[in-house]
Amino acid sequence: MKLKELCKDEMPREKMIAKGADALTDIELLALLLRIGRDGMNVLDLSRELLRAAGGKLGSLSRMTLEDLCRIKGIGRSKAVAVAAAFELGRRAAVEEGFRSRASMSSPKAVFRLMYPLVKSIDHEECWVLLLSKSNRLISRELLSRGGHDSTVIDNRMVIRRALEKKATAVILVHNHPSGVPAPSAEDIRQTQSLTKALRTCDLHLLDHVVIGDNAYYSFADEEMVDFSGGDVK
């Protein structure tokens, strides 16, 4: 069916105006971004093909580069930029909302909600530290390092320096696994032990190390992987 043959109320733009954005399917929302289709294919069908190229998952689509998007017939540079910009705005809004609230970081789930929008779409490891007040309220969020596909480096001295500068009393370490599997590696365990001991020399405390995967996380504290009072494996 051609787009012009649809009932006016079924057109994505009109449907959104009448019923709101949450009434639209993923394909209809993508159609609003793409605006037009290509020869022999209306914009809804092109949107369907775009989502299919990402395995039917918006998360996978959000991780596609401009070059990846432009390989799909009918998706030129302008359309690719529009799609990428929409995902980036959504990511920034989620990150801003989580940080603005200064919510208590008293559980790994709260940490995951704050950090997942920031790291879910990247193809390399990033290591972050959350600096907390005595009541576990978020003071600051600091990027420690960027690594390769499966590793990153933690600088204990940098963590201590930033914590003291911000007058934090405790920290939570966070890093992502681009593979999507949040289970910690032997090196993750070793670095957690090392940081725990280093922080204690300055009367600072590591409350948790949260590893983020594909819509999932691993908490060292929940799993009792490390004795945070001394930094040893249990």
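Considering only the Cα atoms of segment 8-94, their convex hull presents on average a projected area of 5.7 nm².
Of the complete DSSP H runs in the chain, those spanning 30 angstrom or more by Cα along the long axis with a mean Kyte-Doolittle score not below 0.0 are 77-100. In the elastic network of the chain, a GNM with C-alpha springs shorter than 10 Å, the most mobile of GLY180, GLY213, GLY55 is GLY55. Between LEU143 and LYS109, the simple spin-label model (points 7 angstrom out along Cα→Cβ) gives 3.0 nm.
If you wrap the tightest convex hull around every Cα atom of segment 24-70 and split its volume per residue, you get 70 Å³. With all pairs of separate Cα atoms included, segment 103-233 yields a Kirkwood hydrodynamic radius of 14.3 Å. Take the Cβ atoms of LYS166 and ALA85, set R0 to 35 Å, and the FRET efficiency comes out at 0.60.
In Å, what Kirkwood hydrodynamic radius results for the chain from the alpha-carbon pair distances?
Value: 19.8 Å, from the Cα pair sum.
For ASP222 and ILE17, the difference between the fully extended length at 0.36 nm per residue and the C-alpha to C-alpha distance is 69.3 nm. Relative to the Cα centre, the charge distribution of the chain, modelled as +1 at Lys and Arg Cβ and -1 at Asp and Glu Cβ, gives a dipole magnitude of about 780 debye. Under the definition of Cα pairs under 8 Å and six or more residues apart, what whole-number percent is the relative contact order of segment 151-234? It comes to 33 percent, rounded to a whole number.
For the chain, the 222 nm mean residue ellipticity estimated from helices alone, with every DSSP H stretch of n ≥ 4 adding -39500 (n - 2.57) and the total spread over all residues, rounds to -13000 deg cm²/dmol. Beta-bridge orientation, the chain: approximately 75 percent antiparallel, per DSSP, counting only bridges with both partners inside. Taking every C-alpha pair closer than 8 Å and separated by at least 6 residues, the mean separation divided by the residue count of the chain gives a relative contact order of 12 percent.
Ordering LEU44, ILE72, ILE27 by the projection of their Cα atoms onto the charge dipole of segment 14-91, which places +1 on the Cβ of Lys and Arg and -1 on the Cβ of Asp and Glu, puts ILE72 at the extreme positive end. Past 27 Å, Cα to Cα, is the threshold; run LYS79/LYS120; LYS15/LYS109; LYS57/LYS79; LYS19/LYS120 against it and keep the listed order. Violating the 27 Å limit, Cα to Cα: LYS15/LYS109; LYS19/LYS120.
A short reminder: the numbers here are calculations on the coordinates, not readings from a lab. The shown structure was predicted, so the numbers you read here are calculated from the model rather than taken from an experiment. Glycine gets a Cβ as well: all are built from the backbone with ideal geometry, and neighbour counts include every protein chain shown.
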